[in-house]
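First the structure, in the form of structure tokens, and then the observations on it.
The values are calculated or read from the model by the stated rules, or taken from the named source; none is laboratory data. These numbers were taken from a predicted model, which means no experiment stands behind them. Here Cβ is always computed from backbone atoms with ideal geometry, including for glycine, and neighbour counts include all displayed protein chains.
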Amino acid sequence: MPMYPEIMVVPMREELTRLGIQELRSAEEVDRALKSEGTSLVVVNSICGCAAGRMRPAVRMALQGASGKPNRAYSVFAGQDTEATERARSYFTGQPPSSPSIAILRDGQLVFMMPRRDIESREAPAIAADLKAAIEKYCGNTAQV
């Protein structure tokens with residue numbers, strides 16, 4: 001059962017889907033998506049005002065500014081799509097649950113993780129700079145998103 005009425009989270013979902021980030025709303029969708037070859041950016045979206053309110057614009061800035069792009073970009077919504085979020089987190093080996101957070105996977109394996117603690121006390125441009133560097137390091141110029 002979702003934590004919040006869906007109407008409250010629609011703008012937060014759309015802030016990412018407008019960027020071409022595909023929402024994953026079930027465990028099966030997560031498995032199909034994250035077992036793919038190549039690079040995947042995974043955003044664990046959240047209703048948390050401060051951290052998520054900075055994270056979503058930072059994702060936009062990083063994707064627009066990076067010289068490379070992930071092959072695919074996905075989001076799951078913590079507290080709303082619980083099954084999908086739990087399954088996505090199962091791919092983040094060695095990392096405790098964190099929302100919001102941002103991960104990069106290569107061939108289904110975690111290569112980069114930005115947990116909430118690296119998001120919540122920073123402004124969007126600083127978050128974006130770190131994410132942009134990670135995208136360029138791990139995703140090269142194999143753009144799809």
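Here are some notes:
- The stretch 1-37 - residue that is modelled with pLDDT of 95 or more and assigned to a loop (DSSP other than H, G, I, E, B) and, of those, farthest from residue 107 (Cα to Cα): 18
- If only residues of the stretch 86-127 that are small (Gly, Ala, Ser) and surrounded by fewer than 24 Cβ atoms within 10 Å (Cβ to Cβ) are counted, the one that is nearest to residue 1 (Cα to Cα) is 99.
- Selected residue (criterion: farthest from the chain's Cα centre (by Cα)) from residues of the stretch 69-90 that are among the small types (Gly, Ala, Ser) and closer than 13 Å to residue 20 by Cα: 73
- Condition met for residue 83 (among the acidic types (Asp, Glu), in contact (Cβ under 8 Å) with a residue 12 or more places away in the chain and either closer than 23 Å to residue 7 by Cβ or buried (at least 17 other Cβ atoms within 10 Å of the Cβ) (or both)): yes
- Cβ pairs under 7 Å, 6+ apart, first in the stretch 27-47 and basic (Lys, Arg), second not in a helix (DSSP H, G or I): 35/108
- Of all residues in the stretch 15-36, those that are surrounded by 14 or more Cβ atoms within 10 Å (Cβ to Cβ) and among the charged types (D, E, K, R) total 5.
- Of the candidates 66, 103, 52, 126, the single residue that is hydrophobic (A, V, I, L, M, F, W, C), more than 15 Å from the chain's Cα centre (by Cα) and within 22 Å of residue 17 (Cβ to Cβ) is 66.
- Any hit, the stretch 37-44, residues being over 15 Å from residue 131 (Cβ atoms) and surrounded by 14 or more Cβ atoms within 10 Å (Cβ to Cβ): yes
- Conditions (1) of a type in the set (A, V, I, L, M); (2) touching a Ser or Thr at 6+ places or on another chain (Cβ under 6 Å); (3) assigned to a helix (DSSP H, G or I); number of the one not met by residue 126: (2)
- Hits in the stretch 76-121 - residues which are aliphatic (A, V, I, L, M) and under 23 Å from residue 139 (Cα atoms): 76, 88, 102, 103, 104, 105, 110, 111, 113, 114, 119
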